[in-house]
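Bear in mind these aren't lab numbers, they're just calculated from the coordinates by the rules spelled out. Keep in mind the model is a prediction, meaning the values are calculated, not measured. Every residue, glycine among them, receives a Cβ derived from its backbone with ideal geometry; neighbour counts consider all protein chains shown.
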Amino acid sequence: MAPLSCERCGACCANLPSNEAEGFVDWVEIEDTAPLLRRPDLVRKLVRRDAAGVPHLRLVTSPGAPSACAALRGALGRRVSCSIYHLRPRPCRTVQPGDGSCLEARRQHGLDEA
Ligand code: SF4
Ligand code: SF4
């Protein structure tokens, strides 16, 4: 099987249908020490706090597409990029192409054959 290309995927940057079904609205949690939180311009656009005040990446919705991270650019399964790649929080750095989280995200977004 050819290596997975994150640039042609983005599945782990979009909310999973199983989460959507449960009404899950808090996306990736941002650790207190994340450099992203020291950028007020980006915080305003990309971060929301949950009921407990914990910062998370914001989810945005587009017609005909699953809700996805506000930092994601492009079209899922075609050409995508992370607009804060060097500032992305720690959980974003743990998912690796081909690991369990990756494959589950791809399966749920119908990208198994991409
Ligand atoms: S789901 Fe896997 S292949 Fe797709 S962007 Fe995430 S890590 Fe990369
Ligand atoms: S910050 Fe970047 S890597 Fe993390 S979920 Fe958003 S688009 Fe994906």
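Tabulated values for the structure
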{"quantity": "The stretch 1-67: C-alpha gyration tensor shape, a/c 1.5 cut-off, then a/b vs b/c", "calculated": "oblate"}
{"quantity": "Mean ellipticity per residue at 222 nm, deg cm²/dmol - from DSSP H runs of n ≥ 4 across the chain, formula -39500 (n - 2.57)", "calculated": "-5500 deg cm²/dmol"}
{"quantity": "Sites Thr94 and Asp50 - FRET efficiency at Förster radius 22 Å, r taken between beta-carbons, to 0.05", "calculated": "0.65"}
{"quantity": "Gyration tensor (alpha-carbon) shape descriptor, the stretch 56-114, a/c threshold 1.5", "calculated": "oblate"}
{"quantity": "Range in the chain, longest, excluding exposed GluC sites (Glu not before Pro) [loop by DSSP; at most 16 other beta-carbon atoms within 10 Å]", "calculated": "32-112"}
{"quantity": "Under 5 Å, built H, 5+ apart or other chain: amide partners of Arg58", "calculated": "Val47, Arg48, Ala70"}
{"quantity": "Inter-label distance, nm, simple model (7 Å from Cα along the C-beta direction), Arg39/Ala65", "calculated": "1.9"}
